[in-house]
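Here the structure is laid out as structure tokens; the discussion comes afterwards.
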Amino acid sequence: GLNETEKKILDCVGKMYEVNDEKIVAEVTKVVITSFLNPTTLQINLLNDYGKPTETDVDMTFYDHQSKEIRYNYYHKLTPSGLPDTLKTDAQLTYDVVVHSLPPVKLNEVKLSPGKHTTRAVDAGQGTLQVKITGLMKYNNLKIIVHGKNNEIINVQDINTAKKYLTDTYSLDVLTLPVTHFDNVEISQSKIKLIDIPAPGSLIVNSSKLGHTIVYSADGLRLEKVHTFNPAILRETLIIQPGNYLVVYREKINANSFETKERVVKINSSMTTNVIF
């Protein structure tokens, strides 16, 4: 005999059954008893690009659809027979499930049937990205920024490591000096996308007097500034990618603009180049 507003107030208590006659009472009683005697279980299938539930080893967060509170955190696993593991959750709640793949995918309004096994599936085909330096590694903590199709940052990955991503096309910024950029990097199902980057070289700039020193990339039609040296240091070493560069120098004190000096240098992998002013 409750109205709709009163029914909604009782939602926070749990599942409510409205009974009006003896037949409905019997049916509801059967449902309630079944839900207590039989386990309520859930199976999340992470589908590969061929529709098979073979993806796994991804963490998942279960949110209460109504309150948005975190209810469970599970790390997805396959059984020895190759099937997704069975989860036990509160059958009275409806869930929003976030699968923390890269990027994440979501299952909205996952409803369970008391006393029954529920299976839900989501597309989560994955491949592997590995970016490595070929040769002597001179950078400290070199990072790769992985961007999605809308240029959003998907992940920041360490060099010489392998990470799984959803099958798609990405762009990469490897934070070398200068930045090494890759467009249209395709991640395919169950395959490893391997990208090799040449090892950097070393540029040592020595000056007899303190001055302003700039390094420009000279591989294109226009110069692009790569690095500005500290004007308070006479000798500085720069780890830099192979290529052609222009080094520009002017003394800090007692020097006019027309006394600016230039040096064209070529940087080779794993080798040291010296410039003296």
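Miscellaneous remarks
- The chain: angle of helix 22-37 to the longest principal axis, Cα-based, in degrees nearest 10: 50 degrees
- Accessible surface, per residue, of the chain when the full set of protein chains is kept, probe 1.4 Å, Å²: 60 Å²
- Surface share of carbon and sulfur [accessible, 1.4 angstrom probe, percent] for the chain: 51 percent
- Sequence-ordered 3J(HN,Hα) estimates for the range 68-80 from the Karplus curve with 6.51, -1.76 and 1.60 and θ = phi - 60° stand at 6, 7, 6, 10, 9, 10, 10, 9, 4, 9, 9, 6, x Hz, glycine and proline given as x.
- Charge dipole magnitude, Cβ of K and R +1, D and E -1 - the chain, Cα centre, debye nearest 20: 1100 debye
- Close amide H partners of HIS117, meaning residues 5 or more places away or on another chain with modelled amide H under 5 Å apart, are THR41.
- Near the amide H of ASP168, within less than 5 Å, lie the amide hydrogens of ILE187, all on another chain or at least 5 residues away, with H placed in the peptide plane.
- Between HIS212, LEU102, GLN241, the Cα set farthest toward the positive side of the dipole of the chain (charges on each charged residue's Cβ, about the Cα centre) is that of HIS212.
- The chain, Cα convex hull volume normalised per residue, Å³: 202 Å³
- Checking the cross-link pairs LYS52/LYS149; LYS68/LYS193; LYS111/LYS149; LYS68/LYS163; LYS191/LYS225; LYS138/LYS225 against a 28 Å limit on the alpha carbon distance flags LYS68/LYS193; LYS111/LYS149; LYS68/LYS163; LYS191/LYS225 as lying beyond it.
- Rounded D (µm²/s) - the range 98-250, Kirkwood Rh over Cα pairs, Stokes-Einstein at 37 °C, 0.692 mPa s: 176 µm²/s
- Relative packing of 132-145, 90-103, 222-235, which averages over residues the other C-beta atoms within 10 Å, highest first: 90-103, 132-145, 222-235
- At the listed q of 0.19, 0.21, 0.24 Å⁻¹, the Debye profile of the range 130-208, built from one uniform point per Cα, gives log10 I(q)/I(0) equal to -0.81, -0.96, -1.20.
The values are calculated or read from the model by the stated rules, or taken from the named source; none is laboratory data. A quick note: this is a predicted structure, and the numbers were derived from the prediction, not measured. Reconstructed Cβ throughout: ideal geometry from the backbone, glycine too, with neighbour counts over all protein chains shown. Please note that ligands, DNA and RNA were not included when accessible areas were found on the heavy atoms of the full protein model with its side chains. Shrake-Rupley method; radii C 1.70, N 1.55, O 1.52, S 1.80 Å.
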